[in-house]
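Novice: One structure, pasted below without further comment.
The values are calculated or read from the model by the stated rules, or taken from the named source; none is laboratory data. In this text the structure is predicted, and so the values were computed from the model without any measurement. So basically every Cβ, Gly included, is an ideal-geometry build from the backbone, and we count neighbours across all protein chains shown.
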Amino acid sequence: MKKMRQKASKLYRARIIHSINADKACEFKDGALVIDSKGKILACGDYQEIKKSEFGKSKVVDKRGQLIIPGLVDCHLHLPQLDLRGKHGATLLGWLEKYIFPAEKAFASLRVADDLAKRFFKKLILNGTTTSAIYTTIHAKSTDHVFKVAKEAGVRAIIGKVMMDQNAPKDLIENTHESLKSSEELCAKWHGAASGRLMYAFTPRFAPTCSEYMLTEIGKLAHEYDAYIQSHIAETLAENKFVSERFPDYKDYTAVYEENGCLGPKTILGHAIHLNDDEMQRLAIRKARIAHCPTSNFFLKSGRMPIEKIEEHGITYGLGTDVGAGTSMSIFTTMRHADYIQPNITVTPVKAFYLATLGGAKTLSLSQLIGNFESGKAADFCVVDIRNIDPRYKLSELNLDEVLSLLMYRGSGGLVEESYVEGKKLDVDHLKIKGE
Ligand code: GUN
Ligand code: ZN
């Protein structure tokens with residue numbers, strides 16, 4: 001039995017770095033990552049040690065000179081906004097009106113959805129992002145199609161159809177019951193699909209576009225299906241003002257989600273910039289998670305997430321590109337922006353690496369399964385070559401801090417050679433894209 005398992009297993013030999021916690025990363029300069037035929041991690045350690053162990057007979061895949069890290073985790077991004085990156089000239093609410101809502105209308109077309117979804121997943125894979133939490137639009141059929149493309153692409157993803165039943169343009173406002181019904185159907189079909197790789201998130205866009213009734217029903221549905229809820233919170237002061245005017249009976253923004261049953265460990269809230277201490281404390285009590293999106297916050301001049309207070313309150317958070325307000329699909333870019341956006345705090349490379357991997361997994365309640373290379377977890381990883389930054393870089397000449405620093409401050413999708421989910425290499429070429 002043991003022999004059969006060994007025979008079928010693969011051993012990736014490379015420099016290996018993974019995260020232990022926000023202050024500690026672990027590395028094996030000549031490392032081995034052993035994966036069974038089902039894509040589970042059997043062992044991770046020093047190559048010579050592993051060679052002597054029960055896994056020594058595994059088939060070796062030689063990646064020396066390259067680096068293996070856990071697959072990157074993007075906790076917040078919008079698939080239909082892929083081509084809207086870099087449309088300058090507006091604050092959040094103006095930007096939504098001017099660029100985003102018109103483009104999201106076009107996503108009603110399956111042809112548009114197909115083209116965007118294939119290019120989107122291809123780019124995610126090329127950027128080393130193996131797990132992500134994705135918004136689509138209000139369109140159920142197009143969302144169903146996005147799930148199909150995600151399944152074919154082989155990625156791990158939490159995906160949700162946007163829900164809006166008020167304060168949106170005419171063509172994007174849904175009938176509340178239809179929105180709930182079609183979201184529930186998508187959840188029933190896709191939550192846990194593809195052997196658990198695909199998951200569903202009820203996706204009320206943000207409080208301004210959602211009725212209290214809809215939020216309450218979303219809370220119940222998410223609970224019933226043990227599914228996610230993803231939304232935005234306190235991204236800009238103008239949005240906060242809008243919420244306080246439209247929801248005068250609630251003491252603050254957080255209360256709109258809280259009192260309608262939308263806060264829990266599987267709630268992922270984008271931004272969380274303009275919250276007071278009491279709100280942060282209540283988010284922490286409910287164990288709600290935050291997707292920190294600094295690239296987007298720079299672009300829309302939304303402000304700075306107060307990382308020190310979020311941490312003081314013990315709120316779990318990870319990184320999100322927030323494409324399309326986020327201009328880059330690369331989590332490496334988000335890592336450096338997480339540091340740049342804090343004038344008085346340093347987000348170290350070790351911490352940024354944690355946020356991009358294990359911290360992201362915790363944010364998505366998936367750290368039992370992914371985020372680092374503990375035995376038993378799924379083998380989601382990417383192969384990175386720092387010579388893609390500059391051919392003169394030699395991995396063996398750099399210490400751990402220097403490598404993480406390079407990834408953070410000079411990293412991009414260009415570094416990533418290969419991405420794997422459950423031990424399976426993701427093949428971007430089979431995502432055939434018309435016109436390419
Ligand atoms: N708030 C509500 N919708 C959106 C969106 O699409 N992008 C961003 N950045 N914030 C939002
Ligand atoms: Zn967003």
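Novice: Would you call ILE17 over 26 Å from LEU431 (Cβ atoms), among the β-branched types (Val, Ile, Thr) and buried (at least 22 other Cβ atoms within 10 Å of the Cβ)?
Specialist: Values: over 26 Å from LEU431 (Cβ atoms): yes; among the β-branched types (Val, Ile, Thr): yes; buried (at least 22 other Cβ atoms within 10 Å of the Cβ): yes.
Judged against the criteria, ILE17 is a match.
Novice: Just checking, how many residues over segment 195-214 are more than 15 Å from ligand 2 (Cβ to nearest atom) and surrounded by fewer than 23 Cβ atoms within 10 Å (Cβ to Cβ)?
Specialist: Result for segment 195-214: 7.
Novice: Taking segment 252-271 on its own, how many of its residues are within 16 Å of ligand 1 (Cβ to nearest atom) and either closer than 14 Å to ALA284 by Cα or part of a helix (DSSP H, G or I) (or both)?
Specialist: Here is the first cut: in segment 252-271, the ones within 16 Å of ligand 1 (Cβ to nearest atom) are 253-254, 256-257, 262, 267-271.
This time we only want the ones that are either closer than 14 Å to ALA284 by Cα or part of a helix (DSSP H, G or I) (or both), so: 253-254, 256-257, 262, 267-269.
Residues flagged as within 16 Å of ligand 1 (Cβ to nearest atom) and either closer than 14 Å to ALA284 by Cα or part of a helix (DSSP H, G or I) (or both) within segment 252-271 amount to 8.
Novice: So which of LYS57, LYS63, LYS38, LYS51 ends up being of a type in the set (D, E, K, R), closer than 23 Å to THR130 by Cα and not in a strand (DSSP E or B)? Spell out the reasoning first.
Specialist: Values: LYS57 fails: closer than 23 Å to THR130 by Cα; LYS63 fails: not in a strand (DSSP E or B); LYS51 fails: closer than 23 Å to THR130 by Cα.
Result of the check over LYS57, LYS63, LYS38, LYS51: LYS38.
Novice: It is to be established whether one or more residues within segment 81-99 are away from ligand 1 (no atom under 16 Å from the Cβ) and either touching a residue at least 40 places away in the same chain (Cβ under 8 Å) or out of contact with any strand residue (DSSP E or B) (no Cβ under 6 Å at 6 or more places or on another chain) (or both).
Specialist: Of segment 81-99, the ones away from ligand 1 (no atom under 16 Å from the Cβ) are none.
No, the conditions are met nowhere in segment 81-99.
Novice: Look at LEU358 and say whether it is at negative phi, within 16 Å of the chain's Cα centre (by Cα), surrounded by fewer than 23 Cβ atoms within 10 Å (Cβ to Cβ) and more than 16 Å from ligand 2 (Cβ to nearest atom).
Specialist: Details: at negative phi: yes; within 16 Å of the chain's Cα centre (by Cα): yes; surrounded by fewer than 23 Cβ atoms within 10 Å (Cβ to Cβ): no; more than 16 Å from ligand 2 (Cβ to nearest atom): yes.
The answer is no for LEU358.
Novice: Same structure, new question: Kindly indicate whether SER182 is part of a helix (DSSP H, G or I) and among the small types (Gly, Ala, Ser). Full working, then the answer.
Specialist: On the way: part of a helix (DSSP H, G or I): yes; among the small types (Gly, Ala, Ser): yes.
The answer is yes for SER182.
Novice: Sticking with this structure for a sec: Could you please tell me which pairs satisfy a Cβ distance under 8 Å, a separation of 6+ or placement on different chains, a first residue in segment 189-212 that is among the charged types (D, E, K, R), and a second residue that is part of a loop (DSSP other than H, G, I, E, B)?
Specialist: As it stands, the answer is ARG197/GLY154; ARG197/VAL155; ARG197/GLU422; ARG205/MET164; ARG205/ALA168; GLU212/PHE247; GLU212/ASN260, since those pairs meet every condition given.
Novice: Let me ask something else about it. Taking segment 149-177 on its own, how many of its residues are touching a residue at least 24 places away in the same chain (Cβ under 8 Å) and either of a type outside the set (A, V, I, L, M, F, W, C) or touching a strand residue (DSSP E or B) at 6+ places or on another chain (Cβ under 7 Å) (or both)?
Specialist: 20
Novice: Filter segment 74-90 for residues that are over 18 Å from THR334 (Cβ atoms) and away from ligand 2 (no atom under 14 Å from the Cβ); which is modelled with the lowest pLDDT? Give the steps one after another, and end with the answer.
Specialist: Taking segment 74-90 as the starting set, the residues that turn out to be over 18 Å from THR334 (Cβ atoms) are 80, 83, 87-90.
Filter once more, keeping what is away from ligand 2 (no atom under 14 Å from the Cβ): 83, 87-90.
Details: ASP83: 96, LYS87: 91, HIS88: 87, GLY89: 74, ALA90: 78.
By that ranking, first place goes to GLY89.
Novice: State all residues of segment 293-325 that are in contact with a strand residue (DSSP E or B) (Cβ under 7 Å, 6 or more places away or on another chain) and either away from ligand 2 (no atom under 12 Å from the Cβ) or without any contact (Cβ under 8 Å) to a residue 12 or more places away in the chain (or both); if no residue qualifies, say none.
Specialist: MET305, ILE310, ILE315, THR316, TYR317, GLY318, LEU319
Novice: Next question, about the same structure. Being loosely packed, with under 15 Cβ neighbours inside 10 Å and within 23 Å of LEU198 (Cα to Cα) narrows it down to one residue among GLU245, GLU217, GLU224; which is it? Reasoning before the result, please.
Specialist: Values: GLU245 fails: within 23 Å of LEU198 (Cα to Cα); GLU217 fails: loosely packed, with under 15 Cβ neighbours inside 10 Å.
Residue meeting the stated conditions: GLU224.
Novice: Can you tell which of SER109, SER132 is surrounded by fewer than 17 Cβ atoms within 10 Å (Cβ to Cβ), more than 11 Å from ligand 1 (Cβ to nearest atom) and either of a type outside the set (Val, Ile, Thr) or modelled with pLDDT under 95 (or both)? Outline the logic, then answer.
Specialist: Working: SER132 fails: surrounded by fewer than 17 Cβ atoms within 10 Å (Cβ to Cβ).
Only one candidate passes the filter, namely SER109.
Novice: Here's a check for you: in segment 380-409, which residue that is assigned to a loop (DSSP other than H, G, I, E, B) and not hydrophobic (A, V, I, L, M, F, W, C) is farthest from GLY39 (Cα to Cα)? If you could, list the steps in order and put the result at the bottom.
Specialist: From segment 380-409, those assigned to a loop (DSSP other than H, G, I, E, B) are 380, 385, 389-394, 398-399; that's our starting set.
If we keep only those that are not hydrophobic (A, V, I, L, M, F, W, C) as well, we get 380, 385, 390-394, 399.
On the way: ASP380: 8, ASP385: 23, ASP390: 32, PRO391: 32, ARG392: 34, TYR393: 31, LYS394: 30, ASN399: 30 Å.
Among those that are assigned to a loop (DSSP other than H, G, I, E, B) and not hydrophobic (A, V, I, L, M, F, W, C), it is ARG392.
Novice: A further question follows. I need the full set of residues from segment 111-141 which are of a type in the set (A, V, I, L, M, F, W, C) and either touching a His at 6+ places or on another chain (Cβ under 6 Å) or under 30 Å from GLY371 (Cβ atoms) (or both), in order please.
Specialist: Residues of segment 111-141 of a type in the set (A, V, I, L, M, F, W, C): 112-113, 116-117, 120-121, 124-126, 133-134, 138, 140.
Passing the criteria: ALA113, LEU116, ALA117, PHE120, PHE121, LEU124, ILE125, LEU126, ALA133, ILE134.
Novice: So, in segment 272-291, of the ones that are within 16 Å of ligand 1 (Cβ to nearest atom) and touching a Leu at 6+ places or on another chain (Cβ under 6 Å), which residue ends up nearest to THR357 (Cα to Cα)?
Specialist: So in segment 272-291, the residues within 16 Å of ligand 1 (Cβ to nearest atom) come out as 272-275, 290-291.
Filter again for touching a Leu at 6+ places or on another chain (Cβ under 6 Å), leaving 274, 290.
Working: HIS274: 26, ILE290: 15 Å.
Residue satisfying both the conditions and the ranking: ILE290.
Novice: Which residues, counting only those in segment 68-80, are touching a strand residue (DSSP E or B) at 6+ places or on another chain (Cβ under 7 Å) and more than 30 Å from VAL403 (Cβ to Cβ)?
Specialist: Hits for segment 68-80 are HIS78, LEU79.
Novice: Starting from residues that are basic (Lys, Arg) and either crowded, with 24+ Cβ neighbours inside 10 Å or not in a helix (DSSP H, G or I) (or both), keep the ones in segment 298-350 and report whichever is nearest to ligand 1 (Cβ to nearest atom).
Specialist: Looking only at segment 298-350, we keep the residues that are basic (Lys, Arg), and these are 301, 304, 309, 336.
Next, only the ones that are either crowded, with 24+ Cβ neighbours inside 10 Å or not in a helix (DSSP H, G or I) (or both) stay: 301, 304.
Working: LYS301: 12, ARG304: 15 Å.
By that ranking, first place goes to LYS301.
Novice: Related question: Kindly indicate whether ALA168 is surrounded by fewer than 24 Cβ atoms within 10 Å (Cβ to Cβ), of a type in the set (A, V, I, L, M, F, W, C), under 21 Å from the mean Cα position of the chain (by Cα) and part of a loop (DSSP other than H, G, I, E, B). Walk me through how you get there before you give the answer.
Specialist: Numbers: surrounded by fewer than 24 Cβ atoms within 10 Å (Cβ to Cβ): yes; of a type in the set (A, V, I, L, M, F, W, C): yes; under 21 Å from the mean Cα position of the chain (by Cα): no; part of a loop (DSSP other than H, G, I, E, B): yes.
Against the criterion (surrounded by fewer than 24 Cβ atoms within 10 Å (Cβ to Cβ), of a type in the set (A, V, I, L, M, F, W, C), under 21 Å from the mean Cα position of the chain (by Cα) and part of a loop (DSSP other than H, G, I, E, B)), ALA168 does not qualify.
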